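Before any comments, here is the structure.
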Amino acid sequence: MRLLHTSDWHLGRSFHRVNMLGAQAEFIGHLVDAVREHAVDAVVVSGDVYDRAVPPLAAVELFDDALHRLADLGVPTVMISGNHDSARRLGVGAGLIDRAGIHLRTEPSAAGTPVVLADAHGEVALYGLPYLEPALVKDEFGVTKAGHEAVLAAAMDRVRADLAARPSGTRSVVLAHAFVTGGEASDSERDITVGGVAAVPAGVFDGVDYVALGHLHGCQTLTERVRYSGSPLAYSFSEADHRKSMWLIDLGADGSVGAERLDCPVPRPLARIRGTLEDLLADPRLDRHEDAWVEATLTDAIRPADPMARIAARFPHTLSLVFAPERAPDDPAVSYARRLAGRDDQQVAEDFVAHVRGAGPDPREAAVLRDAFDAVRADDTVREVAR
Ligand SMILES: [Mn+2]
């Protein structure tokens with residue numbers, strides 16, 4: 001059975017000030033063409049269909065168009081909700097859409113109920129695990145320890161129990177939206193840290209033939225059987241080096257996995273350039289970036305006048321200007337933003353405590369901070385679900 005694995009469309013998301021709907025529509029066209037060209041048997045979409053719980057109308061219309069085109073192909077599709085989607089909103093109409101061969105899985109309670117497809121070699125059970133927000137689903141799964149690993153492990157127990165009751169030789173695929181240990185993050189995924197831990201070990205998914213992951217936006221292979229397709233488009237400059245892709249997966253009669261990486265269309269390349277304004281305007285090696293979406297980091301010791309207009313004269317698609325004056329690292333003027341780069345909320349809060357008190361938080365105080373951040377994140381999720 002040949003599967004096409006994609007995720008993290010983030011329909012409705014813009015890139016800095018650029019509306020990406022046109023590029024997203026082009027991607028949907030590309031996906032439909034790829035399904036035809038490669039004689040795909042089923043499409044799997046591993047969450048973050050939309051960028052927001054309440055997406056703009058144009059994004060909803062694009063999704064509607066994608067559903068119609070996928071249904072017209074007559075190729076079954078399985079989709080799950082991600083942490084950016086409102087599972088409840090995305091799931092509206094799922095029962096009806098199901099009849100068109102598009103299976104939207106947004107209900108955590110249905111984790112152990114697969115979509116069953118068949119080819120000449122027998123049946124393939126596809127289990128769609130929507131994004132599982134630990135605080136919201138721990139009762140459903142009867143787990144006391146709140147965390148991503150505990151709820152995903154419980155969901156996978158249901159998957160394995162269902163699979164064990166099927167004829168031997170039944171092949172299996174799991175769709176999940178999670179941060180799996182070993183994966184590499186970028187700047188455009190929303191933080192899902194709970195209790196100081198975001199990642200779950202890949203071993204949670206043992207026992208199935210292929211795991212189609214969503215959440216991380218870079219295409220990556222954790223094991224032959226556990227992969228991220230990544231987002232079809234770059235949504236931050238940290239993805240400037242990504243090759244945006246989908247996975248074409250051949251599931252053999254014995255459950256073996258063959259994978260081919262298919263490139264997605266690139267609306268405009270990304271470039272990160274760094275130097276003094278004069279250097280950036282003069283350097284001939286930067287010719288190739290003149291048509292790119294540019295993030296320019298200016299290292300001038302004194303902020304130059306009118307920098308955006310001047311940089312845009314050479315790089316008209318400059319979307320981001322960063323000021324990083326070259327100074328000694330111990331200079332107190334080294335920018336606050338730079339000192340915070342790469343630190344999560346917990347570390348910033350702990351550093352703040354150390355700064356005002358002279359000593360960082362003890363373990364009990366650190367736990368109070370962690371609980372507070374978890375509560376805020378869970379509350380945000382609840383509000384989005386309730387809206
Ligand atoms: Mn995402």
Subject >> For Arg36, net neighbour charge (Lys/Arg +1, Asp/Glu -1) across residues whose Cβ lies under 15 Å away >> reply: -2
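Can you run the Rg to Rh ratio on the chain? Use alpha carbon positions and the Kirkwood inverse-distance Rh.
Dividing the radius of gyration by the Kirkwood radius yields 1.01.
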Subject >> region 143-202: trypsin sites (Lys or Arg not before Pro) falling in loop per DSSP and having at most 13 other Cβ within 10 Å >> reply: Lys145, Arg190
Original post:
Can you give the relative contact order of region 120-189 as a percent, counting alpha carbon pairs under 8 Å and 6+ residues apart?
Top reply: 47 percent
Original post:
Taking Cα centroids, how far is region 262-332 from region 163-215 in Å?
Top reply: 37 Å
Original post:
Please state the Cα pair-distance histogram of region 1-110 with 5 angstrom bins from zero: what percent is in each bin?
Top reply: 2, 12, 23, 26, 20, 11, 4, 1, 0
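Less than 11 Å Cβ to Cβ from Ala359, Lys/Arg counted +1 and Asp/Glu -1: what total charge do the surrounding residues give? Spell out each step's value before the answer.
On the way: positive: Arg357; negative: Glu350, Asp362, Glu365.
Residues near Ala359 contribute -2 overall.
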Original post:
Karplus couplings for region 82-96 from phi (6.51 cos²θ - 1.76 cosθ + 1.60, θ = phi - 60°), rounded to Hz, Gly and Pro as x?
Top reply: x, 6, 8, 7, 8, 4, 5, 5, 4, x, 4, x, 4, x, 6
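DSSP H helices in the chain with Cα extent of 20 Å or more along the helix axis and mean Kyte-Doolittle hydropathy at least -1.0?
Numbers: long enough: 21-37 (24 Å, 0.36); 57-73 (24 Å, 0.68); 148-164 (24 Å, 0.35); 363-386 (34 Å, -0.30).
Going by DSSP H runs, the hits are 21-37, 57-73, 148-164, 363-386.
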Original post:
Summing Lys, Arg as +1 and Asp, Glu as -1, what charge do residues with Cβ under 9 Å from the Cβ of Leu277 carry, Leu277 excluded?
Top reply: -2
Original post:
What's the percent breakdown of Cα-Cα distances in region 235-332 across 5 Å bins, shortest bin first?
Top reply: 3, 11, 18, 16, 13, 10, 8, 6, 5, 5, 3, 2, 1, 0
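Regarding region 60-139, what whole-number volume in Å³ per residue does the convex hull of its Cα atoms give? Can you show the working numbers first?
Numbers: hull volume 8.0 nm³, N = 80.
Cα-based convex hull of region 60-139, divided per residue, equals 99 Å³.
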**OP:** Would you kindly state how much longer the chain becomes between Leu96 and Leu57 on full extension, computed as 0.36 nm times their sequence separation minus their alpha carbon distance, in nm to one decimal?
**Re:** 12.0 nm
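Within the chain, what's the longest stretch lacking GluC sites (Glu not before Pro) that sit in DSSP loops with no more than 15 other Cβ atoms inside 10 Å?
Working: sites that count: Glu140, Glu184, Glu224, Glu290, Glu326.
Maximal segment without exposed cleavage sites: 1-139.
Every number here is computed from the coordinates shown, using simple stated rules; none is lab data. Keep in mind the model is a prediction, meaning the values are calculated, not measured. A quick note on method: Cβ atoms are made from the backbone with ideal geometry, for glycine too, and the neighbour counts reach across all protein chains shown.
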